[in-house]
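Working notes, structure below.
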Amino acid sequence: MVKARKLVRRYQQTIEGNIKEVFKLLCPVREKEWLQGWDYKMIFSEGGYAEKGCVFETSNAYGSYHWIISRHDEESYVVQFVKTMKDIIVLIDIQLYEADAKVTLCDIQYSFIALKEEAVEAMHKENTEAIFCSHMKKWEDSLNYYLKHNTMLIS
């Protein structure tokens, strides 16, 4: 079976915090406060935090990646990250909605796009629905723990 060069995964998190507080935590600098194992190197940011045009780098066992914040709208609570990998581009779209004063719904969509045909199989294998949902659940649990305890969840 031929697999598509684009793979889309969606997830909705329920975050126990107000929308303004949650939105501020969707930032490479602030993420270091609440997500175990997160590290980054800031390359460019006029204000020092998440903003349109912010560029940073992350690394893990698979390599290093450049990220660009291509949209950061504090009024509509929308942020988009573009993550560049060797043979794959990932668009990460996040939209926050206020469920009530203390609960925020976080709609997340990852769009993986293989730049080369050779990357398609690995892209699908490394981003199954189960793997993606596990990653999103860890993120959700970590954010909720931080907002409740003002410290990082250590697992």
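The values are calculated or read from the model by the stated rules, or taken from the named source; none is laboratory data. In this text, all values refer to a predicted model and were calculated from it rather than measured experimentally. For neighbour counting, all protein chains shown are included, and Cβ atoms are generated from backbone atoms with ideal geometry for every residue, glycine included.
Given the conditions (1) surrounded by 17 or more Cβ atoms within 10 Å (Cβ to Cβ); (2) closer than 24 Å to Glu16 by Cα; (3) of a type outside the set (D, E, K, R), and given that Val90 satisfies all but one, which numbered condition is not satisfied?
It is condition (2) that Val90 fails.
Scan the range 80-93 and report the pairs whose first residue is farther than 10 Å from Tyr65 by Cα and whose second residue is not in a strand (DSSP E or B), with Cβ atoms within less than 6 Å and a gap of 6+ or a chain change.
Close Cβ pairs satisfying both conditions: Asp87/Leu115; Asp87/Lys116; Asp87/Ala119; Ile88/Ala119; Ile88/Met123.
Within the bounds of the range 44-60, is there any residue that is touching a helix residue (DSSP H, G or I) at 6+ places or on another chain (Cβ under 7 Å) and of a type in the set (Ser, Thr, Tyr)?
Yes, the range 44-60 contains at least one residue that is touching a helix residue (DSSP H, G or I) at 6+ places or on another chain (Cβ under 7 Å) and of a type in the set (Ser, Thr, Tyr).
Looking at (1) touching a Gly at 6+ places or on another chain (Cβ under 9 Å); (2) among the polar types (S, T, N, Q); (3) surrounded by fewer than 15 Cβ atoms within 10 Å (Cβ to Cβ); (4) more than 30 Å from His124 (Cβ to Cβ), can you tell me which one Ser76 breaks?
The failed condition is (1).
Scan (1) within 29 Å of Glu121 (Cα to Cα); (2) modelled with pLDDT of 95 or more for the single condition Glu16 breaks and write down its number.
The one condition Glu16 does not meet is (1).
Pick from the range 25-67 the residues that are in a strand (DSSP E or B) and of a type in the set (S, T, N, Q): which of them is nearest to the chain's Cα centre (by Cα)? Working first, answer last.
If we filter the range 25-67 for residues that are in a strand (DSSP E or B), which is where we start, we get 41-44, 55-60, 63-67.
Now restrict to residues that are of a type in the set (S, T, N, Q): 58-60, 64.
Numbers: Thr58: 12, Ser59: 15, Asn60: 15, Ser64: 16 Å.
Only one residue fits best here, namely Thr58.
Is there a residue being under 21 Å from Asp93 (Cβ atoms), in a loop (DSSP other than H, G, I, E, B), among the hydrophobic types (A, V, I, L, M, F, W, C) and touching a strand residue (DSSP E or B) at 6+ places or on another chain (Cβ under 7 Å) anywhere in the range 73-81? Walk me through how you get there before you give the answer.
First, pick out the residues of the range 73-81 that are under 21 Å from Asp93 (Cβ atoms): 73-81.
Now restrict to residues that are in a loop (DSSP other than H, G, I, E, B): 74-77.
Remaining after also requiring among the hydrophobic types (A, V, I, L, M, F, W, C): none.
Checking the range 73-81: not a single residue is under 21 Å from Asp93 (Cβ atoms), in a loop (DSSP other than H, G, I, E, B), among the hydrophobic types (A, V, I, L, M, F, W, C) and touching a strand residue (DSSP E or B) at 6+ places or on another chain (Cβ under 7 Å).
If a residue must be assigned to a strand (DSSP E or B) and within 16 Å of the chain's Cα centre (by Cα), how many such residues does the range 82-103 contain? Quick ask: steps written out before the conclusion?
If we filter the range 82-103 for residues that are assigned to a strand (DSSP E or B), which is where we start, we get 82-84, 88-100, 103.
Checking the rest, the ones that are also within 16 Å of the chain's Cα centre (by Cα) come to 82-84, 88-96.
Of the residues in that region, 12 qualify.
Going through the range 110-151 one residue at a time, which ones are under 17 Å from the mean Cα position of the chain (by Cα) and part of a loop (DSSP other than H, G, I, E, B)?
Within the range 110-151, Asn127, Thr128 meet the criteria.
How many residues does the range 102-123 contain that are in contact (Cβ under 8 Å) with a residue 60 or more places away in the chain, surrounded by fewer than 15 Cβ atoms within 10 Å (Cβ to Cβ) and more than 30 Å from Leu147 (Cβ to Cβ)?
Looking only at that region, the number is 2.
How many residues are closer than 18 Å to Glu75 by Cβ and among the aromatic types (Phe, Trp, Tyr) if we restrict to the range 8-57? Steps first, please.
Here is the first cut: in the range 8-57, the residues closer than 18 Å to Glu75 by Cβ are 18-27, 47, 49-54.
Applying the additional criterion that residues be among the aromatic types (Phe, Trp, Tyr) yields 23, 49.
So the count comes out to 2.
When only residues in the range 39-65 that are among the aromatic types (Phe, Trp, Tyr) and at pLDDT 95 or above count, which is surrounded by the fewest Cβ atoms within 10 Å (Cβ to Cβ)? It would help to see each step written out before you state the result.
First, pick out the residues of the range 39-65 that are among the aromatic types (Phe, Trp, Tyr): 40, 44, 49, 56, 62, 65.
So of that shortlist, the ones also at pLDDT 95 or above come out as 40, 44, 49, 56, 65.
Details: Tyr40: 16, Phe44: 10, Tyr49: 15, Phe56: 20, Tyr65: 17.
The extreme case among them is Phe44.
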